[in-house]
Amino acid sequence: MYAFPTLKFFIKLIIISAILQGCKSEIDDNSKTKVSLERNDAEIISMSSKALPEFITRLSFGSCLSEKKDQSIWNNIAAEKPDAFIFMGDNVYGDAYYKDPIFDDPNMPKMQAAYQELAQSRQFKKFRDQVPVIPTWDDHDYGLNDGGASYKFKEKSKNLFLKAWDIPLGDVRYQRPGIYASKTLGQKGQRIQIIMLDTRSFRTELTPTDQYNAPGKERYIPSTSEKGTLLGLEQWSWLKEQLEKPADLRILVSTIQVIADGHGWEAWRTMPYERSKLYKLIKDTNVENLIILSGDRHAGAFYEREDLAPFKIHEVTSSSLNLPGSYWRSKNNDTSIESGPYRTTPMQYEPNYGLMDIDWNSRIAHVSLVSPGNITFDKEISF
């Protein structure tokens, strides 16, 4: 004879069902999160570019590009027909500010969205099809304005960088901290070495200014400590090894300025002991064929030191591609001029990029700071 279920049975059934549903919901939620994260990572379009040639006679370089602003400067650079373009950091503006709700989001959605937007730019896509791109990062594509070693999402940021720029899985940057790297192209007599420093991953804290916005002290003042580092021990050792390798022309890419002394923004001057260490390394390795390239400043200029070694140390700063300093100067009615004895040209506050024509026979690099529709600064540097 069939027995009808009791009320007690139904209560048990409801409780078990609720428990199972709760478990299922938890599993589903976790699955959705996992799928979402995987989908977000997968949505990053790798920005591959034309393969690097073996022989370089014309380099282009620049920094500080907002993915949200006009991208037409890529047409200007492509028209120069460079053999490669060095993208010197702040290649997107994906950093989150302290007050942003997503500041503590470990998935870095703003960075992912920034890479997506740049990858989808038709002008930049056309440029990448024509010109090989060699990228490094600065603070805004690192993830934190003026950020250094303490940035808690730097490993996630590194993974996004490597994927976004289509860095091959066998690259050494997957195996060690930071993204510093070097490339040597060409045969003996025409070898160019491009050294890309990482001035973010290992940098200790800077010394805040004691006079906010005062000329020369805008944000930071030089540290008096000998304990801080800009590159970290391993990168310093690696840099020495690179400078000791054979090369006919060396390009040292530092995302922040090295020689400039006339402002209180980020630069090597904020860590005098580290900068002296770099100057000494350049002198001791006798790399008179070295040219420093830098970005970050939203302005461009040429710099030179001839009192540190038996040869001149040259630096060219190119910044910004589409976020010019002229905008902020106009907005803030700023007419100040960067001081300092080592700048050899006026400041270029309009959008700009750099060009380097290499004459291997005469061993001269003709370097230009080009601002479409504005003044172009030129210099010949012997190597």
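The values are calculated or read from the model by the stated rules, or taken from the named source; none is laboratory data. Source: prediction; values computed, not measured. In this analysis, Cβ positions are derived from the backbone assuming ideal geometry, glycine residues included, and neighbour counts consider all displayed protein chains.
Details
- Of the residues making up the range 184-214, just one is more than 18 Å from the chain's Cα centre (by Cα), part of a loop (DSSP other than H, G, I, E, B) and of a type in the set (Val, Ile, Thr), namely THR209.
- Residues of the range 292-322 satisfying the condition of being surrounded by fewer than 20 Cβ atoms within 10 Å (Cβ to Cβ) and touching a Phe, Trp or Tyr at 6+ places or on another chain (Cβ under 8 Å): GLU304, ARG305, LEU308, ALA309
- Test result for GLU274, assigned by TED's automatic domain parsing to the domain that holds GLN190, assigned to a loop (DSSP other than H, G, I, E, B) and not aliphatic (A, V, I, L, M): no
So that you can scan it fast, the table gives a plain yes or no per residue for (1) part of a strand (DSSP E or B); (2) closer than 21 Å to GLY147 by Cα; (3) not basic (Lys, Arg):
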| position | (1), (2), (3) |
| --- | --- |
| GLU234 | no, yes, yes |
| THR255 | no, yes, yes |
| ALA260 | no, yes, yes |
| ILE282 | no, no, yes |
| ASN286 | no, no, yes |
| ILE292 | yes, no, yes |
| PHE311 | no, no, yes |
| GLU350 | no, no, yes |
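This table checks each residue for (1) buried (at least 18 other Cβ atoms within 10 Å of the Cβ); (2) more than 17 Å from ILE256 (Cβ to Cβ); (3) touching a helix residue (DSSP H, G or I) at 6+ places or on another chain (Cβ under 7 Å).
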| position | (1), (2), (3) |
| --- | --- |
| ALA114 | yes, yes, no |
| LEU118 | yes, yes, yes |
| PHE124 | yes, yes, yes |
| PHE127 | yes, yes, yes |
| VAL131 | yes, yes, yes |
| ILE134 | yes, yes, no |
| ASP139 | yes, no, no |
| ASN145 | no, no, yes |
| LYS152 | no, yes, no |
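- Residue that is farthest from the chain's Cα centre (by Cα) [pool: residues in the range 81-97 that are part of a loop (DSSP other than H, G, I, E, B) and buried (at least 23 other Cβ atoms within 10 Å of the Cβ)]: PRO82
- When each of ASP141, ASP129, ASP105 is tested for being under 21 Å from ASP296 (Cα atoms), of a type in the set (Asp, Glu) and modelled with pLDDT of 95 or more, the lone residue that passes is ASP141.
- Answer residue from the range 161-183, given it is part of a loop (DSSP other than H, G, I, E, B) and among the hydrophobic types (A, V, I, L, M, F, W, C) and is surrounded by the most Cβ atoms within 10 Å (Cβ to Cβ) among those: ILE179
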